[in-house]
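Student: Just passing along the structure, written as structure tokens.
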Amino acid sequence: MPGHDIAEPSDWVVRWSPLIARGKVLDLACGGGRHARCLAELGHEVLAVDREPQSIPGVRFVQADLEDGSPWPLPGERFQGIVVANYLHRPLFPRLQEALAPGGVLLYETFMAGNERYGKPSNPDFLLRPGELWQAFGGLHIIAFEQGTVERPKPAMIQRLCAVRR
């Protein structure tokens, strides 16, 4: 969309991040770090993880391939908030729930079935099924859930969830 910088944090993350208590926050598969920077500016201690090396001012970074079968790179760590955007690796769902501290907030937003009409990702392995985030994280207290078409930052079919560990 003209005038919209993809480096900006997602509207969903901006909307729900005030629910995250001050503390340690994980930006999983952080990419260029748009959410890590935003969360650090809000005063959180941010840990960003990605396969590609990143240098994000004020953020602790761990380089890890989350899909190669290696052990979870953050054993025993708990987070007040976990943000996952534009990334899907279903085997991590249980890990994310375990890593969420009591009262911790999960903000998850990624592509879903139907996105193939807008371009990539189009492989079903990388697209959520309808209601899948709700089902996967139904053991958490779901604050908000949306699925459908968005126009920002570009037309896409997405699914997003805000949930709290009781």
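Student: Classify region 87-166 from the C-alpha gyration tensor, please: rounded if a/c falls under 1.5, else prolate or oblate depending on whether a/b exceeds b/c.
Tutor: Note, shape of region 87-166 comes out prolate.
Student: May I ask you to evaluate 6.51 cos²θ - 1.76 cosθ + 1.60, the Karplus curve with θ = phi - 60°, for each residue of region 91-107 and list the ³J(HN,Hα) values in order in whole Hz, giving x for glycine and proline?
Tutor: These are the phi-based 3J(HN,Hα) values: x, 7, 3, x, 4, 5, 5, 5, 7, 7, 5, x, x, x, 10, 9, 10 Hz.
Student: Less than 15 Å Cβ to Cβ from Q63, Lys/Arg counted +1 and Asp/Glu -1: what total charge do the surrounding residues give? Could you put the intermediate results ahead of the total?
Tutor: On the way: positive: R51, R60; negative: D27, D50, E52, D65, E67, D68.
Once positives and negatives cancel, what remains is -4.
Student: P124: net charge of surrounding residues, Cβ under 13 Å, Lys/Arg +1, Asp/Glu -1, itself excluded?
Tutor: 0
Student: For every helix of n ≥ 4 consecutive DSSP H residues, a contribution of -39,500 (n - 2.57) applies; sum these over the chain, divide by its total residues, and give [θ] at 222 nm rounded to the nearest 500 deg cm²/dmol. If you can, show how the numbers build up before the last one.
Tutor: Details: 4 runs with 26 residues, N = 166.
When only DSSP H runs of four or more count, the value is -3500 deg cm²/dmol.
Student: Moving on. From the phi of every residue in region 154-166, what ³J(HN,Hα) in whole Hz does the Karplus formula 6.51 cos²θ - 1.76 cosθ + 1.60 yield, where θ is phi - 60° and glycine or proline is x?
Tutor: Couplings: 8, x, 6, 9, 10, 9, 8, 9, 10, 9, 10, 7, 5 Hz.
Student: Given a 1.4 Å probe and every protein chain left where it sits, what share in percent of the accessible area of region 1-106 is carbon and sulfur?
Tutor: 52 percent
Student: Would you mind checking which residues have amide H under 5 Å from G32's amide H? H placed 1.01 Å from N; only 5 or more apart, or other chain.
Tutor: none
Student: In addition: Taking the Cα centre of each part, how many Å lie between region 101-166 and region 73-92?
Tutor: 14 Å
Student: Taking GluC sites (Glu not before Pro) as exposed when DSSP calls them loop (any state but H, G, I, E, B) and at most 16 other Cβ atoms lie within 10 Å, what is the longest stretch of the chain free of them, the sites themselves excluded?
Tutor: Working: sites that count: E67, E77, E151.
Looking at the chain, 78-150 is the longest stretch - no exposed GluC sites (Glu not before Pro) with at most 16 other Cβ atoms within 10 Å.
Student: Which whole-number percent gives the relative contact order of region 1-128, counting Cα pairs below 8 Å spaced six or more residues apart?
Tutor: Values: 213 pairs, mean separation 27.7, N = 128.
Computed value for region 1-128: 22 percent relative contact order.
Student: If you don't mind, another one. In Å², what does the accessible area per residue of region 85-166 work out to with a 1.4 Å probe? Could the numbers behind the result be given before it?
Tutor: On the way: 3940 Å² over 82 residues.
Accessible surface, normalised per residue, equals 48 Å².
Student: With a sphere of radius 14 Å drawn around the Cβ of F79, what net charge do the other residues whose Cβ falls strictly inside it have (Lys, Arg +1; Asp, Glu -1)?
Tutor: Details: positive: R22, K24, R60, R78, R95, R165; negative: D27, E45, E77, E98.
Local charge sum for F79: +2.
Student: Build a GNM of the chain with springs between Cα atoms under 10 Å: which of G119, G23, G81 gets the top mean-square fluctuation?
Tutor: Highest fluctuation among the options: G119.
Student: Amide H of D27 versus every other amide H placed in the peptide plane: which residues, excluding those fewer than 5 positions away on the same chain, fall under 5 Å?
Tutor: Amide H neighbours of D27, under 5 Å, 5+ apart: L47, A48, V49, V83.
The values are calculated or read from the model by the stated rules, or taken from the named source; none is laboratory data. Note that the structure is a prediction, hence the values are computed from the model and not measured. Here the Cβ is made from the backbone with ideal geometry for all residues, glycine too, and neighbour counts use every protein chain on show. When the accessible area is computed, the model is the full protein with side chains, heavy atoms only, and any ligands, DNA or RNA have been set aside. Shrake-Rupley method; radii C 1.70, N 1.55, O 1.52, S 1.80 Å.
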